[in-house]
Amino acid sequence: MYFSRLQLAEEMCEALQGNNLFNDAPNGLFLAAPRRTGKSTFLQADLKPELEKRGIVVIYVDLWAAPMRDPGELIAEAIGRALRGQLNPISKAAKAAGLESISIAGSLKIDISKIGHPDGSTLVDALRALHESAKAPVALIIDEAQHSLTSEAGENAMTALKSARDQLNRPGQVNLMLVMSGSDRDKLLRLVNANAAPFYGSSIKHLPLLGDDFVAHLATLIERQRPELAPVDQPLLARAFQTLGHRPQFFIDILGQALSPFGTGAERHLEPVLVELAHQRLEQDRQQMESDFLALRPVEQTVIWRMLEQGARFRPYDAEALRFYSEKTDGAITRAMAQKAMEALRNRQPSMVWKSARGEYAIDDAAMHHWYAQRVAEGTWPPKDDRVGWLGVEW
Ligand SMILES: Nc1ncnc2c1ncn2[C@@H]1O[C@H](COP(=O)(O)OP(=O)(O)OP(=O)(O)O)[C@@H](O)[C@H]1O
Ligand SMILES: [Mg+2]
């Protein structure tokens, strides 16, 4: 089941093409939305086809698709692939013969396998070549763009893209469109909010979440499949979807669960069951986060705690941080011990800590901030491993 968001895609294309007055999208569109809310799906299934329909050459690259690969290389490769797609039959024959270079308009020569390398063409040249050979605007969609900041090559790629944008675009004529998405607004901000940031001056937009129209669509499907449940209470359905943080996959999953035991002649109403399942699912998420946290060593737990508490002000090894770690663990935590804990957190699969090439640290999963704030508000922070005590009483 896929719910298409055509109108949103059209609006975005208009903005990217510079058809909206007072809209900065031609300088780059930065979109944030939480995990699992349908970013990648929207970019690939709605935005990409809509751009292509308008005659634009689209390159999509997901920097999380291969987390161990350097993000700078992934971007260069994606541009290379698109360029290869533009090769004429003669150049394709050359490629088959092992020659990887193409000449554009007789002057510019691009060796596709070396794009972005010190001895190869720059990303700017490659994008210009792509634009000129396709005789069309180019749109580059970078999914999980914040990942580019974790390597120097990735950061350089971003700077190069900014430069390509400035060189290729003219007032009233957008030849290079950049769309960057990410699941963590704070990390995406690092691309735009400092003077030295590659896209300084741009702002981050929220990619709209799936909403009432998505719920209405599902309601119609349910009513068609199970006429005895009509009319479906849409506001209640919407509440369950909202409880789940607007994540379609989990919603469809609980719908499946809620619909399965009905068979014929349901004596219970579907909607309250859904709301309850949504709350259960949310509780599971919380418990998962708690057990992941409690599985960490005490020093690692305090490092995470400090990061959650300090947010952007976090410094891993300053005197105050070391004092914090020591106080909370009832031990004398040295810099070396804190570093070891940080390495362990970064090397976990999935990693719990994100580090930029410039040495800034952040919690990898942004949802953890919400979990932390909620527990602080409830007065249940820090989580305690009470299994020992519980077992003590029970046995
Ligand atoms: N418009 C939609 N209609 C139905 N299902 C959808 C829709 N968009 C996304 N989904 C489903 O939701 C799940 C998450 O989608 P997607 O991978 O696009 O999200 P994401 O925000 O990119 O996630 P991540 O943060 O993990 O990268 C997938 O199972 C996908 O099939
Ligand atoms: Mg994604």
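Numbers for the structure displayed
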item: Hz values of 3J(HN,Hα) by residue in region 280-292 - Karplus curve (6.51, -1.76, 1.60), Gly and Pro given as x; result: 4, 4, 5, 5, 4, 4, 4, 5, 4, 5, 5, 6, 4
item: Distant-in-sequence amide H partners of residue 58 (H built 1.01 Å from N, under 5 Å); result: 139
item: Between 0 and 90°, nearest 10: helix 319-329 axis offset from the chain longest Cα axis; result: 40
item: For region 23-77, alpha-carbon Rg relative to the globular expectation (2.2 N^0.38 Å, N residues); result: 1.28
item: DSSP bridge orientation in region 6-206 - percent antiparallel, rounded to nearest 5; result: 20
item: Gaussian network model of the chain, springs between alpha carbon atoms under 10 Å - residue of 78, 66, 341 with greatest fluctuation; result: 66
item: Heavy-atom surface of the chain, accessible at 1.4 Å and reported per residue (Å²); result: 52
item: Most positive-pole-ward Cα, 350, 287, 331, against dipole of the chain from beta carbon charges; result: 350
item: Student exercise, the chain dipole from Lys, Arg, Asp, Glu Cβ charges, in Debye to nearest 20; result: 980
item: Cα-derived Rg to Rh of region 153-307, Kirkwood definition; result: 1.15
item: Extreme residue, positive dipole direction of region 6-206, given options 49, 75, 18 (C-beta unit charges); result: 49
item: Cα-centre dipole for region 212-291 with unit charges at Cβ (Lys and Arg positive, Asp and Glu negative), debye to 20; result: 100
item: Charged-residue dipole, Cβ positions (Lys, Arg, Asp, Glu), region 296-394 about Cα centre, Debye nearest 20; result: 380
item: Among 376, 57, 275, residue whose mean-square fluctuation peaks in a GNM of the chain (springs only between Cα atoms under 10 Å); result: 376
item: Over 19 Å [Cα-Cα, region 212-291], rounded percent; result: 32
item: Using a Förster distance of 45 Å, the FRET efficiency for residue 376-residue 81 (Cβ separation, nearest 0.05); result: 0.45
item: Within the accessible area of region 6-206 (1.4 Å probe), percent carbon and sulfur; result: 51
item: Virtual paramagnetic centre 7 Å along Cα→Cβ of residue 66, amide N under 13 Å, in region 351-366; result: none
item: Over region 296-394, equivalent-ellipsoid semi-axes from the Cα gyration tensor in Å; result: 23, 17, 14
item: Listed residue (367, 173, 129) projecting farthest to the positive dipole end of the chain, Cβ model; result: 129
item: Whole-Hz ³J(HN,Hα) from phi, Karplus 6.51 cos²θ - 1.76 cosθ + 1.60, for region 41-56, glycine and proline x; result: 4, 4, 4, 8, 8, 10, 5, 4, x, 5, 5, 5, 4, 8, x, 9
item: Kirkwood hydrodynamic radius (C-alpha pairs) into Stokes-Einstein, the chain, 10 °C and 1.306 mPa s, D in µm²/s; result: 66
item: Antiparallel content of DSSP bridges confined to the chain, in %, to 5; result: 30
item: Cα centroid separation - region 146-212 against region 31-83, whole Å; result: 13
item: Descending semi-axes in whole angstrom, ellipsoid equivalent of region 6-206, from the Cα gyration tensor; result: 26, 19, 16
item: Distance violations [Cα-Cα > 18 Å] among 114/187; 39/187; 39/205; 48/187; 187/355; result: 114/187; 48/187
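The values are calculated or read from the model by the stated rules, or taken from the named source; none is laboratory data. This one's a predicted model, so the numbers in the text were calculated from it and none came from an experiment. Here Cβ is always computed from backbone atoms with ideal geometry, including for glycine, and neighbour counts include all displayed protein chains. For the accessible areas, the whole protein counts, side chains as well, though only heavy atoms, and no ligand, DNA or RNA atoms are used. Shrake-Rupley method; radii C 1.70, N 1.55, O 1.52, S 1.80 Å.
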